[in-house]
Amino acid sequence: MPKSSRQRPQSPPVTPLPTPVKLVAITPIAFVAAIVQAYKKYGKNPAQALQAAQIKPEFLHDPAHRISALQMERISGAAMQELDDEGLGWFSRRLPWGSYGMLARASISAPTLGVALKRWCRHHGLIADDINLKLTCAGQQATLTITEQRKLKALREFCLVSVLRNVHGLACWLIDSRIALQGAQFPFAAPAHQDVYEVLFSCPSTFEAGTAAIRFDARYLDLPLKRDEAALRQMLKRALPLTVLQYRRDRLLVQRVRQALRTQPASTHNACDLAALLAISPRTLHRQLKDEGASLQALKDEVRQSHASALLLRTQRPIKQVAQAAGFQNEKSFMRAFRGWTGLSPAEFRHQGGDQGLVA
């Protein structure tokens, strides 16, 4: 998402990419070709933008070629300025420089992420009616959908991918949190570079769906915004990294871990299994929980104790079944843990009706 400015900026100077730098090439050259197509639409030459991003013209003829996120940022930023179109030719009319900054300012005063995203969707339709953005909720899942009102033609894939990643990046930035996507879908056939979608969205992607959309936990929508006008001004100076920045912190992670432990005890015996279920690495799981002032073991104990206590008091299940339902692999380890929590054996706790124990 580009920066906001009241005056149309001059074309950026061509400066080399920092060296030595290890650049991970994951962005398909097809997206660069889409930007070149936008230059053709406006009758302009992309040579300077390609040079600024250190992308050789011959790369455009190799469908398997990839570029780094930094190179993509360079060429996108240069093109938005040279074409004075933050939509990069996607839509039937230009989005002059500063358009997306204006939308961000309209959203940043919202009390919660849900309100901010609904504002963004509504206002986006005012500046680009070729597509319609809509945020909906069903149970604990939120879905942000793009409905195409006009044919996007050759720039369709680049447009839909970019809009979804921009909205996702903005949402993460607004609440200063990683928002784990549960799924992404697209209305076109799987491209030759479909493997990069797992990196671009960090979730399973499906193709040939009815519309383009991303899905995530609806509880993120209730989180308050963490940014202000000063932060927005700073962000808009160099905003395209919003689409690639991996936020270390996930403000819903503790709740997501609790839910997984509670609903899928058989699949969450260890950190590796739980991390796989949450689509993150075990190392990231432990680090993010630490950032939130929590630990996996403490959450396990909390959820297991609560569930076991409820089963002991409200049912007549045998102790062995209670142990299994609480996520323990054997009865002995459950009895040892339960005595550590409450000072009582499970049978004593049940007999005393929980009066001496700690019932969550």
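Computed quantities for the displayed model
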| item | result |
| --- | --- |
| Rounded FRET efficiency, nearest 0.05, which uses the C-beta distance separating Ala310 from Gln255 and R0 of 22 Å | 0.70 |
| Compactness of the chain, expressed as Rg and Dmax over alpha-carbon positions, Å | 24.8, 83 |
| Potential lengthening between Gln264 and Glu198 on full extension [0.36 nm per residue; Cα-Cα distance subtracted] | 21.3 nm |
| Angle in degrees between helix 282-291 and the longest Cα principal axis of the chain, rounded to the nearest 10 | 80 degrees |
| Computed lengthening from Glu331 to Glu148, 0.36 nm per intervening residue step minus Cα-Cα distance | 60.3 nm |
| Straight-distance crosslink candidates among aspartates and glutamates, where the alpha carbon sits under 17 Å from Lys332 and sequence neighbours closer than 8 are dropped | Asp301, Glu348 |
| Rounded to 10°, Cα long-axis angle of helix 69-83 versus longest principal axis of the chain | 40 degrees |
| Simple Cβ-charge dipole of the range 28-154, Lys/Arg +1 and Asp/Glu -1, about Cα centre, in debye nearest 20 | 300 debye |
| For Lys332, Lys226, order by how many other beta-carbon atoms lie within 10 Å, fewest first | Lys332, Lys226 |
| Residue-averaged [θ]222 nm for the chain, counting only DSSP H segments that reach four residues, each worth -39500 (n - 2.57) | -13500 deg cm²/dmol |
| Value of Rg to Rh for the range 12-149 (Rh from inverse mean 1/r over Cα pairs, i.e. Kirkwood) | 1.03 |
| Cα-centre dipole for the chain with unit charges at Cβ (Lys and Arg positive, Asp and Glu negative), debye to 20 | 420 debye |
| Sorted by Cβ neighbour density within 10 Å, fewest at the top, the residues Tyr100, Tyr39, Tyr247 | Tyr247, Tyr39, Tyr100 |
| Inter-centroid distance (Cα atoms) of the range 195-220 relative to the range 146-192, Å | 8 Å |
| Cα centroid separation, the range 45-60 to the range 274-330 (Å) | 53 Å |
| Dipole of the chain [Lys/Arg +1, Asp/Glu -1 at C-beta], most positive-end residue of Thr315, Ser68, Ile29 | Thr315 |
| Links that overshoot a 26 Å alpha carbon limit, given the list Lys118/Lys237; Lys40/Lys151; Lys118/Lys300; Lys40/Lys134; Lys134/Lys300 | Lys118/Lys300; Lys40/Lys134; Lys134/Lys300 |
| Alpha carbon convex hull of the range 253-351, projected area averaged over orientations, nm² | 6.0 nm² |
| Gain upon complete extension [Val115, Lys41; 0.36 nm per residue less C-alpha separation] | 23.1 nm |
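Every number here is computed from the coordinates shown, using simple stated rules; none is lab data. This is a predicted model, so every value here is computed, not measured. All Cβ positions, glycine included, derive from the backbone under ideal geometry; neighbour counts span all protein chains shown.
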